[in-house]
Amino acid sequence: MILGDLLDAHVRDDQGRRLGYVVDVRLVLDRPASGLLAVPRVHGLLVSPRTSSSFLGYERRDVRAPALLARWLRRRHRGTFLVLWPDVERLGDDEVVLRTGYRRWSPVLDA
Amino acid sequence: MKRLFAVALGILTAIGGFLDIGDLVTNAVVGSRFGLSLAWVVVVGVVGICLFAQMSGRVAAVSGRATFEIIRERLGPRAAGANLAASFAVNLLTLTAEVGGIALALQLASSVEPRLWIPVAAFAVWLVIWRTKFSVMENVTGLVGLTLVVFAVAVFLLGPDWGELAQQALRPAAPASEGPAVYWYYAIALFGAAMTPYEVFFFSSGAREERWTRRDLAQSRANVLVGFPLGGILSVAIAACAAIVFLPRGVEVSSLSQIVLPVALAGGKLALALVIVGIVAATFGAALETALSSGYTLAQYLGWPWGKFRRPARAARFHLTMIVALLVAVAVLMTSVDPIAVTEFSVVFSAVALPLTYLPILVVANDPEYMGDAVNGRVTNALALVYLVVILAASLAAIPLMIATGAGS
Amino acid sequence: MKRRVPLSSRPFPADEQLPAPPRPAGRVLDARLHLLDRQVHDVDETPVVVVDDLEVRGTDGDEHPTGAQEAVVTALLSGPVLGTRVFGGRPPATRWHRIAWSDVTEVGVVVRLGVRGDALDVTWTERWVRDHVVGRIPGGRHDPG
């Protein structure tokens, strides 16, 4: 699969209720390297109720200027959560279904 | 001493390089119809371009990233692609107008038909891009462009009614002969001419061409903060010349010979010769900048190698883009389209394309990952947010006003 | 393309306080923010491409991994995948230009490779234009000025 398959896909829970859209994919560089750099593992998906715009980088805790812009973008993405990869039950056509009892985590990215 | 010389040279080339065909035409047209009642827009535009050119240069110097690389990175392929399509089209329109402007100025000097000059001018532009060092190109066109100072001298020689000019500038309102829609349409055109997006594409990419680092920031700030406002004063001088000579007679400027007429009236043949040299230098310099900007934007969006500091063969697609852009400009001009009319459209469409360029610059200039401790200060951010609102308003109003006023007629 | 799910229709409150996720050992990157659409430079600092997309595989090589197994990024993609990110759809896998993740040496403001760009398939158009057009024009292979 390519990452573009995941981005902007619908996210539903196991009962088919709409939860939002995949706006970003969180990676962790912690798998053994085949080259110089550790291999990125898919850690989780960021699910926002909106798909029409991104955070423009304001999901990071230390990025908060200009304040008005940051506040507006964060407000637009209110209700965004992180779901970890093991909670992904299956991937359909433009759709991600989460498993029963999935957990929501804070989406904030610490520097 | 060497340092002082570098600062002086930078400021002088910033003044000489500030004006292009868009500023020349729009200011003269506005001066002949509205006097100095739109001079405040030039002030707003100059502050805006100082703010964002300086910001884009700082981002380029600190993070090494030119403006269109940032636009693609922050807005993603779709919004950045839309911006590329719009900016590239506006840029091509501006390039066409500049090459046409060179030909018209050479026609004034030689009486040879512009269509014979057009291919010569375009070839000369290409040759300079192909073979000349970036710094030489910048300094020569900028310094020769300084001869446009004769517009400011001409204002004094024409002996105007200063009280009347001050009245127009300080109590801005549309003259009785013009409606408010036309007044605001030209306000947007002037704003677009001062803040054309190619200037930040060129400025930030130029910072990479000249390998700026943090150490060059103070000098670049001086160049911009002193040079651009002085260039802006020249813009107002062009409008003032037209206001003094044409406004009382009810003549509307529509050709390059009319733009230079007040200078000839005031200073005779010598002044006329100087102003023509200045216009050739200004339009030639701007043709170089817009041609390069067409290469910069496309190459940065797609991740191609770019830059005059590389051999052409080491940035092949970048150079091919510029060759094609120049050929298109020549082809358009050969249809006998009026470069002055092309210019008037290009400045209005510039205003439309502005927001998607300036938003990502502002966002990245605040990103510590890119900028470290050189992120924007509070004052810069406050001012930039105000401008973002102004830019957005101008962008949204441009097309409706263009339709409502029949492009200002 | 504006789509949104109303906050009130979701089976949980909009302003719930979410716990911080378990902090993994390695460096954390958001793909769209830190990788997609970044410039890729080769070992000589020459621009190569922009990251248009990423290839993801299960650790067992599965092309369509789900949460039941680990998924990792195996390559940077470029070329026709850009068109589909802009206009939608999906190009056949045979037309992707891949740069293996093992060639990547650093992820910062740009993504750096440990190899030369000229040796990669993705740069064939640059080589074609150089060999057939720009390199043939007099002066094209000399330093300017």
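Points to keep in mind about this one:
- Residues of the stretch A:53-72 satisfying the condition of being under 20 Å from A:Val11 (Cβ atoms) and more than 8 Å from chain B (Cβ to nearest Cβ): A:Ser53, A:Phe55, A:Glu59
- Any chance A:Leu56 is open to solvent by less than 40 Å² (accessible area, probe 1.4 Å) and modelled with pLDDT under 85: yes
- The listed residues are B:Glu98, B:Glu138, and the only one of them that is buried (at least 23 other Cβ atoms within 10 Å of the Cβ), within 14 Å of chain C (Cβ to nearest Cβ) and out of contact with any Cys (no Cβ under 6 Å at 6 or more places or on another chain) turns out to be B:Glu138.
- Boolean, A:Arg103 is farther than 21 Å from C:Leu36 by Cα, in a loop (DSSP other than H, G, I, E, B), within 7 Å of chain C (Cβ to nearest Cβ) and of a type in the set (D, E, K, R): no
- Of the residues making up the stretch B:6-35, those that are farther than 18 Å from B:Leu225 by Cα, of a type outside the set (S, T, N, Q) and either part of a helix (DSSP H, G or I) or modelled with pLDDT of 95 or more (or both) are B:Ile21, B:Gly22, B:Asp23, B:Leu24, B:Val25, B:Ala28, B:Val29, B:Val30, B:Gly31, B:Arg33, B:Phe34.
- Taking first residues from the stretch B:221-241 that are open to solvent by 30 Å² or more (accessible area, probe 1.4 Å) and partners that are of a type in the set (Gly, Ala, Ser), the Cβ contacts under 6 Å between residues at least 6 apart in sequence or on separate chains come to B:Val236/B:Ala39.
- The residues of the stretch A:77-94 that are more than 7 Å from chain C (Cβ to nearest Cβ) and within 11 Å of A:Leu19 (Cβ to Cβ), listed by number, are A:Thr80, A:Val83.
- Some residue of the stretch A:86-98 being modelled with pLDDT of 90 or more, open to solvent by 10 Å² or more (accessible area, probe 1.4 Å), within 25 Å of C:Gly26 (Cβ to Cβ) and not in a strand (DSSP E or B): yes
- Scanning the stretch C:126-141 turns up at least one residue that is assigned to a helix (DSSP H, G or I), over 29 Å from the mean Cα position of the chain (by Cα) and either surrounded by 12 or more Cβ atoms within 10 Å (Cβ to Cβ) or more than 7 Å from every other protein chain (Cβ to nearest Cβ) (or both).
- Listed by position, the strands (runs of 3 or more DSSP E) inside the stretch C:1-114 whose residues that are under 25 Å from A:Leu37 (Cβ atoms) and at the interface with another protein chain (Cβ under 8 Å from one of its Cβ atoms) number at least 2 are C:27-30, C:39-41, C:47-50, C:53-58, C:71-78, C:104-107.
- A:Ser48 being among the small types (Gly, Ala, Ser) and over 24 Å from C:Glu16 (Cβ atoms): no
- In summary, B:Ser254 fulfils each of the numbered conditions (1) in a helix (DSSP H, G or I); (2) open to solvent by 30 Å² or more (accessible area, probe 1.4 Å) with the single exception of condition (1).
- Of the residues A:Arg12, A:Arg41, A:Arg50, the single one that is closer than 26 Å to C:Val86 by Cα, at pLDDT 95 or above and facing chain C (nearest Cβ under 9 Å) is A:Arg41.
- Being within 14 Å of chain C (Cβ to nearest Cβ) and at pLDDT 95 or above holds for only one residue in B:Leu298, B:Leu261, and it is B:Leu298.
- Count of the stretch B:313-339 residues, restricted to those that are crowded, with 23+ Cβ neighbours inside 10 Å and at pLDDT below 95, is 1.
- Residue identified as modelled with pLDDT of 95 or more and part of a helix (DSSP H, G or I) among B:Gly81, B:Gly101: B:Gly101
- Residues of the stretch C:74-106 satisfying the condition of being exposed (fewer than 13 other Cβ atoms within 10 Å of the Cβ) and not charged (D, E, K, R): C:Phe87, C:Gly88, C:Gly89, C:Pro92, C:Ala93, C:Thr94
- Set side by side, the residues C:Ala25, C:Ala31, C:Ala71 differ, and just one is touching a Phe, Trp or Tyr at 6+ places or on another chain (Cβ under 7 Å) and either of a type in the set (Gly, Ala, Ser) or open to solvent by 30 Å² or more (accessible area, probe 1.4 Å) (or both), which is C:Ala71.
- The set of residues in the stretch B:308-337 being among the hydroxyl-bearing types (Ser, Thr, Tyr) and within 26 Å of C:Val49 (Cα to Cα) consists of B:Thr321 alone.
- The set of residues from the stretch B:316-333 being farther than 21 Å from B:Gly145 by Cβ, small (Gly, Ala, Ser) and more than 8 Å from chain C (Cβ to nearest Cβ) comprises B:Ala325, B:Ala331.
- In this structure, B:Arg171 does not satisfy being among the basic types (Lys, Arg) and within 30 Å of B:Gln300 (Cα to Cα).
- Residues (open to solvent by less than 10 Å² (accessible area, probe 1.4 Å) and over 17 Å from B:Ala14 (Cβ atoms)) located in the stretch B:194-212: B:Pro197
- For the criterion of being at pLDDT 95 or above and open to solvent by 50 Å² or more (accessible area, probe 1.4 Å), C:Arg112 passes.
- Residue satisfying all of: in the stretch C:53-67; open to solvent by less than 10 Å² (accessible area, probe 1.4 Å) and touching a residue at least 12 places away in the same chain (Cβ under 8 Å); farthest from A:Pro86 (Cα to Cα) among these: C:Asp53
- Checking the stretch B:149-156 against the condition returns no match, with no residue being under 30 Å from B:Ala393 (Cα atoms), away from every other protein chain (no Cβ under 14 Å) and β-branched (Val, Ile, Thr).
- Condition check for C:Val134: within 24 Å of A:Leu7 (Cα to Cα) and of a type in the set (A, V, I, L, M): no
The values are calculated or read from the model by the stated rules, or taken from the named source; none is laboratory data. Only a predicted model underlies this, so the values are computations on that prediction, with no experimental measurement involved. Here Cβ is always computed from backbone atoms with ideal geometry, including for glycine, and neighbour counts include all displayed protein chains. Ligands, DNA and RNA are excluded from the accessible area calculation, which covers all protein heavy atoms including side chains. Shrake-Rupley method; radii C 1.70, N 1.55, O 1.52, S 1.80 Å.
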